[in-house]
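Here's the structure we're looking at; comments come further down.
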Amino acid sequence: MSIVNEKIEFAGLNLKNPVFTASGTCGYIDELDDYLDVNQLGGWITKSITLKPRLGNPAPRVVETNGGMLNAIGLANIGLEEFIAEKLPIIRQKNTAVFVNLAGQKIDEYVEVASRLSGQDGISGFELNISCPNVKQGGISFGTDPAQIKKITSEVKPACGGKPLMVKLTPSVTDISKTAEAAVLGGADALSLVNTFTAMVIDVHTRTPVLANRTGGLSGPAIKPMAVYLVSRVYQDVAKDAGIPIMGLGGIRNGLDAAEFMIAGASTVCIGTATFARPDAAVKVSDGLRRFCESEGIKKISELTGSLN
Amino acid sequence: MTNKNNRSGVFEASVAGSEHFGEKICRLKFVLSGEGADAFKLASPGEFAQFQVEGLALPSNLPEGLEDRAFRQPILRRPFSFLDIYPYGEDMIVEIMCDIIGTGTARLSGLRAGDKVSILGPLGRGFAKPEKGKKVIGIAGGIGIPPVEHFLRQLCRDNPKQECFAFAGARSRADMPIASVQQGKNPENQEYSFCKHFAAATDDGSFGDKGLVTEVFESWFAGAGLSPADCEIAACGPEPMLRAIAQTAHKLGIRAQVSLEKMMACGIGVCQSCIVPVKSQLGREQNKLCCKDGPVFDSREVFAE
């Protein structure tokens, strides 16, 4: 039995620990059942759910980079109805927090998806995806304009049925504090940052982009120092005073990475790309974070948040 | 394709041996014990595993021309179909052939006996066993040769009466991942002795006929006196080759299964990167996943008639 108290209060939810799996990297969780006991995590976040099913972008959709990878999946998902009928019954059997990641082409679509899910059992909260770099409409087109962020957050929030709404921010902006502030003003209960960095890989032989979408989102350890900086920035500039918790993500692969994000200001952390290389990566991160606290004599894991000297 | 009900997981394997053929090809043999052995006992030809390459050192003698490509830090695993899987006492041996083309395969090629590697698998759906009495024609290109060879060999191990024919193609002799070819021996007397017929083709004519393996197969079939209804094709290789095989198979009326290769990150169906566009029976477009629904598909499903 660990002497570390790992419990976290996050946006009104009581979580077992601060570690989540990130949207788009854990499917609808049943795909990971053979490899990971999701009940050991603080929670997990579904793939983006849109009103209608989406095929996503053409292949190739991923390419590895130095210490990272680019993806341009394009919000491929089974759509709201199949999600409710096929996946929610499985999700309800899990004993951990689940955020549904919301996506859409128009604000109305986000609102409709949220309102039809808010009354469903088994959903703990929502994550607003306004930062996907791989779709032309919706996604990042909302997430770079503070006025749009405030508007979409304030319109989706009432559709959440009192469940927490977390807004996922893109790093591909000049000043992330401004977009974070807009989300808070719009009524966000939490912020998650960062989504992937817009990037490109070129095949030098054919002189064409490798991804069919031409650009993709860069993730993995290559982005971690930038993501830590942005979490620290938003914590200091916006979240700390507003009392809004941050979920930190970007290249986390072990307990020390997670601790770094928490010290920068994150209350919870999310594991994304690492799951592709090791399906139980999130549990390993959780174990590592606990070991770090034990070795440092930290009795309550939440004490790490914002403890940067 | 085969119904998959085997457990897969992340297992540590020991390298039992490595064999290099020229600069481009190596054959790696891994030993799995305990739960890993139990899982891989249920693996079948055409399935695959994801090998962790992160953390492995680059070999000091990189193949020529690979230096610029090799010095990158990989984070994703690399998928390989099997050349063979067989028991070794309580343990299981898993063999793969590796075409050394980038930073991941270069790192794998540096493994030596006793090294440890993390393996995620077995994954995907492999080749379906033929209907009773059907003859199986394996047609494969380049690094697609090992899984087809594995399938044919396994069929003949399970059923000594099984009739198999094999066709292998590559750019040149140096690119052909068949141990006996690399050693200058006749594969018909070595790896493919279980087959009733073996033929090869290379682009430059350095081994077998000069030309495409599909052409070698077609001219053989025209004179073989076999009824298409009595045959099935199992194929793996570059997509244009598989498309050509599918078209020939559709024309002749032979059932064909093809093993596809797509860029994939996870191998278990969460990243959604390795899509295979197909049309449903109602004509609706949908995406299947190479890692979960494949990599082996019925040719009619993925290549239009």
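The values are calculated or read from the model by the stated rules, or taken from the named source; none is laboratory data. Predicted model, so just to flag it, every value in this text is computed and none were measured. Positions of Cβ are backbone-derived with ideal geometry, glycine not excepted, and every protein chain shown enters the neighbour counts. To get the accessible areas, we keep the full protein, side chains included, count just its heavy atoms, and leave off ligands, DNA and RNA. Shrake-Rupley method; radii C 1.70, N 1.55, O 1.52, S 1.80 Å.
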For the range B:114-129, does any single residue satisfy the condition of being under 16 Å from residue B:198 (Cα atoms) and either surrounded by fewer than 19 Cβ atoms within 10 Å (Cβ to Cβ) or without any contact (Cβ under 8 Å) to a residue 40 or more places away in the chain (or both)?
no
Do we find that residue A:67 is on the phi > 0 side of the Ramachandran plot and in contact with a Pro (Cβ under 8 Å, 6 or more places away or on another chain) in this structure?
yes
Within the range B:74-192, which helices (runs of 4 or more DSSP H) (wholly inside it) include 2 or more residues that are within 14 Å of the chain's Cα centre (by Cα)?
B:145-158
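Residues B:76, B:42, B:62: which one is over 24 Å from residue B:289 (Cβ atoms) and either hydrophobic (A, V, I, L, M, F, W, C) or surrounded by 18 or more Cβ atoms within 10 Å (Cβ to Cβ) (or both)?
Numbers: B:76 fails: over 24 Å from residue B:289 (Cβ atoms); B:42 fails: over 24 Å from residue B:289 (Cβ atoms).
Result of the check over B:76, B:42, B:62: B:62.
Do we find that residue B:276 is facing chain A (nearest Cβ under 8 Å), buried (at least 18 other Cβ atoms within 10 Å of the Cβ) and under 21 Å from residue A:72 (Cα atoms) in this structure? Break it down into steps so the answer makes sense when it comes.
Working: facing chain A (nearest Cβ under 8 Å): no; buried (at least 18 other Cβ atoms within 10 Å of the Cβ): yes; under 21 Å from residue A:72 (Cα atoms): yes.
Taking the combined requirement at face value, the residue does not satisfy it.
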Report every pair of residues separated by at least 6 positions or lying on different chains whose Cβ atoms are under 6 Å apart, first residue within the range B:221-234 and more than 17 Å from residue B:168 (Cα to Cα), second part of a helix (DSSP H, G or I).
B:228/B:252
Quick count over the range B:233-252, residues being among the aliphatic types (A, V, I, L, M), open to solvent by 10 Å² or more (accessible area, probe 1.4 Å) and over 16 Å from the mean Cα position of the chain (by Cα), is 2
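Residue-by-condition table, conditions (1) open to solvent by 30 Å² or more (accessible area, probe 1.4 Å); (2) free of Cβ contacts under 8 Å to residues at least 60 places away in the same chain; (3) within 25 Å of residue B:74 (Cβ to Cβ); (4) assigned to a loop (DSSP other than H, G, I, E, B):
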position	(1), (2), (3), (4)
A:9	yes, no, no, no
A:14	yes, yes, no, no
A:39	yes, yes, no, no
A:59	yes, no, yes, yes
A:69	no, no, yes, no
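For the range B:199-248, give me the residue count where each residue is in a loop (DSSP other than H, G, I, E, B) and small (Gly, Ala, Ser).
Filtering the range B:199-248 down to residues in a loop (DSSP other than H, G, I, E, B) leaves B:203-208, B:211-212, B:225-227, B:237-238.
From the residues that got through so far, the ones that are small (Gly, Ala, Ser) too are B:205-206, B:208, B:211, B:225, B:227, B:237.
Residues flagged as in a loop (DSSP other than H, G, I, E, B) and small (Gly, Ala, Ser) within the range B:199-248 amount to 7.
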Count, please, the residues in the range A:207-227 that happen to be open to solvent by 20 Å² or more (accessible area, probe 1.4 Å) and under 21 Å from residue A:23 (Cβ atoms).
7
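Quick check on residue A:101: is it within 14 Å of another protein chain (Cβ to nearest Cβ) and among the polar types (S, T, N, Q)? If you could, list the steps in order and put the result at the bottom.
Working: within 14 Å of another protein chain (Cβ to nearest Cβ): yes; among the polar types (S, T, N, Q): yes.
Yes: the conditions hold for residue A:101.
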Being under 30 Å from residue A:112 (Cβ atoms) and either touching a helix residue (DSSP H, G or I) at 6+ places or on another chain (Cβ under 6 Å) or within 14 Å of chain B (Cβ to nearest Cβ) (or both) is the requirement here; does residue A:156 meet it?
yes
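Any idea which of A:25, A:46, A:21, A:50 is of a type outside the set (D, E, K, R), in contact with a helix residue (DSSP H, G or I) (Cβ under 9 Å, 6 or more places away or on another chain) and either open to solvent by 10 Å² or more (accessible area, probe 1.4 Å) or at the interface with chain B (Cβ under 7 Å from one of its Cβ atoms) (or both)?
Sole residue among the options that is of a type outside the set (D, E, K, R), in contact with a helix residue (DSSP H, G or I) (Cβ under 9 Å, 6 or more places away or on another chain) and either open to solvent by 10 Å² or more (accessible area, probe 1.4 Å) or at the interface with chain B (Cβ under 7 Å from one of its Cβ atoms) (or both): A:25.
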Would you pick out the residues in the range B:145-167 that are closer than 20 Å to residue B:80 by Cα and among the charged types (D, E, K, R)?
B:149, B:153
Residue B:302 fails exactly one of (1) modelled with pLDDT under 95; (2) outside the structural domain of residue B:188 (by TED's automatic domain parsing); (3) more than 19 Å from the chain's Cα centre (by Cα), namely (3)
Of all residues in the range A:286-304, which are free of Cβ contacts under 8 Å to residues at least 60 places away in the same chain and either acidic (Asp, Glu) or open to solvent by 30 Å² or more (accessible area, probe 1.4 Å) (or both)?
A:287, A:291, A:292, A:295, A:296, A:297, A:303
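Matching residues to (1) of a type in the set (A, V, I, L, M); (2) touching a Ser or Thr at 6+ places or on another chain (Cβ under 9 Å); (3) more than 11 Å from every other protein chain (Cβ to nearest Cβ):
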{"residue": "A:16", "(1), (2), (3)": "no, yes, yes"}
{"residue": "A:41", "(1), (2), (3)": "yes, yes, yes"}
{"residue": "A:55", "(1), (2), (3)": "yes, no, no"}
{"residue": "A:58", "(1), (2), (3)": "no, no, no"}
{"residue": "A:83", "(1), (2), (3)": "no, yes, yes"}
Among B:255, B:284, which is the only one that is open to solvent by 60 Å² or more (accessible area, probe 1.4 Å) and more than 14 Å from chain A (Cβ to nearest Cβ)?
B:255
Answer yes or no as to whether residue B:264 is in contact (Cβ under 8 Å) with a residue 12 or more places away in the chain, aliphatic (A, V, I, L, M) and farther than 26 Å from residue B:136 by Cα.
yes
